[in-house]
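Heads up, the thing below is written out as structure tokens.
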Amino acid sequence: MTPWQMGSTPGEFRFSILGIPIRVHPMFWLTALVLGIHSTDPVTLLAWVLAVFVGVLIHELGHALVMRGYGFYPEILLYGLGGVTDYGVGGGTLRLQPIQRIQISAAGPAAGFLLAAAVVLIVRLLGGETGIYWLLGFIPIPILEPVGSQALTAFLQSLVYIGVFWGLINLMPVFPLDGGQIAREILLAANPRTGIEQSLVLSFYCALFLAFVGFFALSSLFMTLLFGYLAYSNYELLRGRPRPW
């Protein structure tokens, strides 16, 4: 059963883009509000929620468009902490090569990076100023000078942040994030016998490390809980797998 077939939820928002059906679960909006609750200004909070919606949608559309290019009929569900793009009805009957699955996984973060770059480029073309904030000393996050109204500036800055930072987070080799799926494909291609187990071990230790980074370096409760949960879930998956020897 695909996420689209799981039945509707009261309060769901449905629409389509380029013929791709999209559902937005009410929990998506609630989670976006919680993530932006540090803002005491209602206008800034609303701009953040809208940016989360656009940023996550663009990310999932990146996956969906590449899926469609390979002959699938993708469906997008935005919910909880993000979204999921399903191959669609009958998708399981089509086989993909590892490089094609890697391309599908990488297309989401790539779409976010392109979105951030487009925002920065448009701001510069309109005469606005931009800079770089080095998160943790090595992660470049573009910073926009005030552009028009406070709400517009907050919206555009949030779009850039989501496109870059969340894109990088998604590329971490932690299953089921995009980077974790890419790592799994690479390890499976290198060793079909132990590739999945190796990917779970990699996922567990990377998630554990990122949970510590979130807590001690970024003071981010969200990042700590997210990667703490992913470390636990990968550990459980690893523990439940039969040994290859």
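The values are calculated or read from the model by the stated rules, or taken from the named source; none is laboratory data. Source: prediction; values computed, not measured. Cβ: placed from backbone, ideal geometry, glycine included. Neighbour counts: every protein chain shown.
Among the residues of the range 150-160, those that are crowded, with 21+ Cβ neighbours inside 10 Å and of a type outside the set (S, T, N, Q) comprise ALA154, PHE155, LEU156, LEU159, VAL160. Restricting attention to the range 54-113, the residues that are more than 17 Å from the chain's Cα centre (by Cα) and either β-branched (Val, Ile, Thr) or outside the structural domain of GLY19 (by TED's automatic domain parsing) (or both) add up to 3.
Does ILE141 satisfy the criteria of being of a type in the set (Val, Ile, Thr), under 21 Å from the mean Cα position of the chain (by Cα) and assigned by TED's automatic domain parsing to the domain that holds GLY112? Judged against the criteria, ILE141 is a match.
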